[in-house]
Amino acid sequence: SFNDDILKKIGRIHRSADVYRAISNARQVGFENISIDLIFRLPQQSEADFMDSLKQAIDLDLPHYSTYSLILEKKTIFYNLMRQGKLRLPSQDVEAHMYQNAIDSFQQAGLEQYEISNFAKPG
């Protein structure tokens, strides 16, 4: 996510500015084949928020992107919170819309889907 509030809520230590800095640093030292992963269906994430993060990611003009729906694994904090009714996740319909929006947005940006969660520039 590029939403600092969501990153903080899910316990990530990085912020969106760190993503830009890391990609800039990688490019400066010669890396060309850079990929980014985006997770959707995060706690309290709206479709609009995901679309904003998706746009920011695509604007980085990277050769490869992966996008995944949040999976709640047993024995994790999120799983335990969900079992206690304390984790508010987007509905399955919203999750499906997020995924379809990702497919459509990547296609519009000229990226080809080659696996369920992976998109890349041709070649």
Please indicate, with yes or no, whether at least one residue in the range 35-44 is surrounded by fewer than 15 Cβ atoms within 10 Å (Cβ to Cβ) and over 11 Å from the mean Cα position of the chain (by Cα).
yes
State which residue pairs qualify: first residue touching a residue at least 12 places away in the same chain (Cβ under 8 Å) and among the aliphatic types (A, V, I, L, M) and inside the range 15-40, second residue loosely packed, with under 12 Cβ neighbours inside 10 Å and part of a helix (DSSP H, G or I) in any location, beta carbons under 8 Å apart, and separation of 6 or more residues or different chains.
none
Condition check for residue 108: without any contact (Cβ under 8 Å) to a residue 40 or more places away in the chain and surrounded by fewer than 16 Cβ atoms within 10 Å (Cβ to Cβ):
yes
Taking the range 9-34 and keeping only residues that are charged (D, E, K, R), more than 19 Å from residue 68 (Cα to Cα) and open to solvent by 80 Å² or more (accessible area, probe 1.4 Å), one is left with 21, 27, 32
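Which residue, of 58, 116, is surrounded by 15 or more Cβ atoms within 10 Å (Cβ to Cβ), of a type in the set (Val, Ile, Thr) and modelled with pLDDT of 95 or more? Before you say what the answer is, go through the steps one by one.
Working: 116 fails: surrounded by 15 or more Cβ atoms within 10 Å (Cβ to Cβ).
Within the list 58, 116, the selection yields 58.
The values are calculated or read from the model by the stated rules, or taken from the named source; none is laboratory data. From a predicted model like this one, the values you see are computed outputs, not experimental measurements. Virtual Cβ from ideal backbone geometry, glycine too; neighbours counted across all protein chains shown. These accessible areas exclude ligands, DNA and RNA; they are computed on the full protein's heavy atoms, side chains included. Shrake-Rupley method; radii C 1.70, N 1.55, O 1.52, S 1.80 Å.
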